[in-house]
Amino acid sequence: MRVRLADIATRARVSEATVSRVLNNKPGVSEANRKAILKTMEMLGYERPERMRTRNTGLVGLIVPELTNPIFPLIAQVIETELADKGFTSVLCTQTPGGVHEDEYVRMLLERNVSGIVFVSGLHANTDTDPGRYVDLRRRGMPIVLVNGFLPDVDAPFLSTDDAAGVGLAVAHLAGLGHRMIGLATGPERYVPVQRKLAGFKAAYRVHVDPGVDPGVLDALTEFTVFSVDGGEEATLALVDRGATAVICGSDVMAFGAIRAGRRLGLQLPADLSIIGSDGVPLGEFSEPALTTIRSPAEEIAAAAARALLDEMAGHPATRAEYMFRSQLVVRGSTAPPGDRARVSRPPRAPGPTPWP
């Protein structure tokens, strides 16, 4: 026998108008009445309309990169907490090299009828990616928010660290200490944050070190690698070979590798080699030496991303723009004026392919 609105209203002890509001995602219904209506619908076998199946489940997808970089668990935790305060449960999807692809995660999240998705440093940060995957989500009416990356053709809010300005602070600090051979070790160039770091590095070098620097010198002072300890180590070895007395790393994790490279070369840190990280993870305070870093306002970005998604899901779209958050340079013990470093022979690399292009 077909279930009518009147049957649901009678069993839930509400009016038919209230049932209709819930079915059509309209405001003006208390949370207690909404839950009672949904429970009654389940009991009576009433099949929810498609719009309800994709909006009122209380689940939100959160897609982040691998969790070995401490900055990503921090971002995930803040987003999860903010959403939980509003009654939403986050479905955490982590990506690892060779693991589940972002598109597959999205497919699984859609099957679970999530109410929205937050992408952190995902494919939207890759300039080689097809923005169509995000355009399709928006055409379906799926609320999405994207962190650390930008695609101008996607109808969604973006939130990012001002990477160019952050690297500029680092270059100015090192130049003020007297460094002129400043290297940049960062991730693959196809990523938006990397491109912005590179642009900020070159601009700041011309302002604070040498206005007439040859572009080839800046190219030689830049190493693109992977965002890992090993990547930071190998990139630093290459940059020191080229005469760098200071290295700015694309992440704190890479900076830990840079410190390891300095030890491997027998250098005194920071007397022989100054190192600056990026992100500002708490572990940097306890490295030896304590790491000078470009601290990203990760918690503020994560909280803003959660609020933006909540607004999107409530039908109050955020401004279609990229919100940029300024970094702060935290000066600790890993930077100092350049010393008269004795030439140190570079030990041979272990056999096998190197992890940078």
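Observations on the model:
- Comparing ALA314, ALA32, ALA164 in a Gaussian network model of the chain where C-alpha atoms under 10 Å apart are linked, the largest mean-square fluctuation is found at ALA32.
- Gyration tensor verdict on the chain (Cα atoms; rounded if a/c is under 1.5, prolate if a/b is larger than b/c, oblate otherwise): prolate
- Dipole moment magnitude, nearest 20 debye, the chain about Cα centre, only Lys, Arg, Asp, Glu C-beta charged: 1000 debye
- Listed by Cβ neighbour count within 10 Å, with the fewest neighbours leading, MET41, MET108, MET254, MET181 appear as MET108, MET181, MET41, MET254.
- GNM top mover of PRO73, PRO97, PRO188 - the chain, alpha-carbon springs below 10 Å: PRO97
- Set of lysines near LYS35 by C-alpha distance (under 21 Å), chain-local residues within fewer than 8 positions excluded: LYS26, LYS86
- When the chain is treated as a GNM with alpha-carbon contacts under 10 Å, the residue of VAL106, VAL217, VAL29 showing the greatest mean-square fluctuation is VAL29.
- Segment 163-296: proportion of alpha-carbon pairs further apart than 21 angstrom, %: 29 percent
- As computed over segment 1-141, the Cα convex hull volume per residue (Å³): 130 Å³
- DSSP beta bridges in the chain [antiparallel fraction, %, rounded to 5]: 10 percent
- Expected 222 nm ellipticity per residue - DSSP helices of 4 or more, -39500 (n - 2.57), all of the chain, to 500: -12500 deg cm²/dmol
- Amide H contacts under 5 Å for SER90, placed H, 5+ residues apart: VAL60
- Dipole of segment 76-159 computed with +1 at Lys/Arg Cβ and -1 at Asp/Glu Cβ about the Cα centre; of PHE119, SER90, LEU146, farthest Cα towards the positive end is SER90.
- Overall form of segment 70-129: oblate. Here a/c, set by the Cα gyration tensor axes a ≥ b ≥ c, is 1.5 or more, and a/b is not larger than b/c.
Where a number appears in this text, it was derived from the coordinates with a stated rule and is not lab data. Quick caveat: nothing in here was measured; it's all calculated off a predicted structure. All Cβ positions, glycine included, derive from the backbone under ideal geometry; neighbour counts span all protein chains shown.
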